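The values are calculated or read from the model by the stated rules, or taken from the named source; none is laboratory data. Only a predicted model underlies this, so the values are computations on that prediction, with no experimental measurement involved. Cβ placement follows ideal geometry from the backbone for every residue including glycine, while neighbour counts extend to all protein chains displayed. Areas reflect the complete protein model, heavy atoms only, side chains present, ligands, DNA and RNA absent. Shrake-Rupley method; radii C 1.70, N 1.55, O 1.52, S 1.80 Å.
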Amino acid sequence: VVAGGAHEDCLIMMNSLRIRPTYLSDEDIAAGVLEKEEYKALILPYNKGMKEVEAEFIRRFVRNGGLVIADNEPGICSEHGRVLRTPRLHDLFPVTDRKNIVRYGKGIAAYLPGEINGYHARVESCNYTGSDSVATLLREYAGVEPLIEATDSRGMARRDTLLRIFKKGTALYVGMLRNMASKDREEDATKIKLPCKYHIFDAKEQRYIGFSDTFDVVLDH
């Protein structure tokens with residue numbers, strides 16, 4: 001459970017992107033979990049305090065092909081909160097006053113100042129700044145995409161929609177819920193793109209839609 005702050009901003013952004021994240025502790029990082037469990041991307045929304053061993057494993061993760069995305073100057077303090085003369089990850093994030101991408105070994109380190117931070121407040125006013133940057137980085141450098149995508153009539157990803165997926169056998173259940181803040185501010189027409197063709201049923205209207213990998217729905221509140 002995360003209440004408030006940059007970590008909540010990050011979780012809400014992942015909801016907007018329809019990508020389910022996993023939280024890792026500093027102990028997980030120091031134990032080499034990133035490599036052992038073959039993670040493709042690591043997001044550091046607010047990780048100012050960092051152990052040397054933690055930083056080294058993150059550095060190794062990127063060098064071997066991983067993607068790390070950060071906000072809020074990661075590694076500028078020791079694990080005890082002491083400000084360091086040289087940040088732990090200075091080689092991955094040499095620039096922190098603007099957006100910056102560094103190729104390090106086989107991987108990528110991307111610094112996005114203010115694009116994760118404050119996302120919760122922005123969503124409440126239907127401002128999804130930062131989400132497209134993170135989505136693009138995850139897709140292009142880590143091959144991470146949502147299983148199901150929802151777009152509006154212009155083909156733009158719907159960031160106001162919470163989408164939950166449940167699997168049972170060969171059945172796929174997709175639940176969608178719009179953010180109330182977007183009522184009367186964004187259109188209701190929505191196109192859903194599935195990973196492959198399915199026999200599609202609308203549970204709410206109790207009707208068969210057809211056999212396809214896409215379908216249209218009026219997603220009101």
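Quick notes
- Distance cut-off 21 Å, percentage of C-alpha pairs in segment 80-151 lying past it: 42 percent
- Under 9 Å, Cβ to Cβ, from Asp26 - net charge with Lys/Arg +1 and Asp/Glu -1: -3
- Counting DSSP beta bridges with both ends in segment 44-151, the antiparallel % (nearest 5): 50 percent
- Label zone (Asp132, point 7 Å along Cα-to-C-beta; backbone nitrogen cut-off 16 Å) within segment 98-115: 115.
- Each helix, a run of at least 4 DSSP H residues, gives -39500 (n - 2.57); summed and divided by the residues of the chain, these come to -6500 deg cm²/dmol at 222 nm.
- Computed over segment 1-42, Kirkwood Rh from alpha-carbon pairs, angstrom: 11.5 Å
- Packing rank of 191-200, 206-215, where each peptide gets the mean count of other beta carbons within 10 Å, highest leading: 191-200, 206-215
- When a 1.4 Å probe is rolled over the protein heavy atoms, the share of accessible surface on segment 125-204 that falls to carbon and sulfur comes to 54 percent.
- A Förster radius of 45 Å combined with the Cβ-Cβ distance from Lys183 to Glu37 puts the calculated FRET efficiency at roughly 0.65.
- Contact order relative to length of the chain, as percent, for alpha carbon pairs under 8 angstrom and 6 or more apart: 17 percent
- Volume per residue of the convex hull around the Cα atoms, evaluated for segment 1-129, comes out as 111 Å³.
- Gap separating the Cα centres of segment 114-144 and segment 20-94, nearest whole Å: 19 Å
- Entries in Lys168/Lys193; Lys167/Lys193; Lys167/Lys191; Lys36/Lys197; Lys183/Lys204 that, when Cα-Cα distance is taken, lie over 23 Å: Lys36/Lys197
- Within the chain, percent of DSSP bridges classed antiparallel, to nearest 5: 75 percent
- Rh by Kirkwood over Cα pairs, then Stokes-Einstein D for segment 162-201 at 0.890 mPa s and 25 °C, µm²/s: 200 µm²/s
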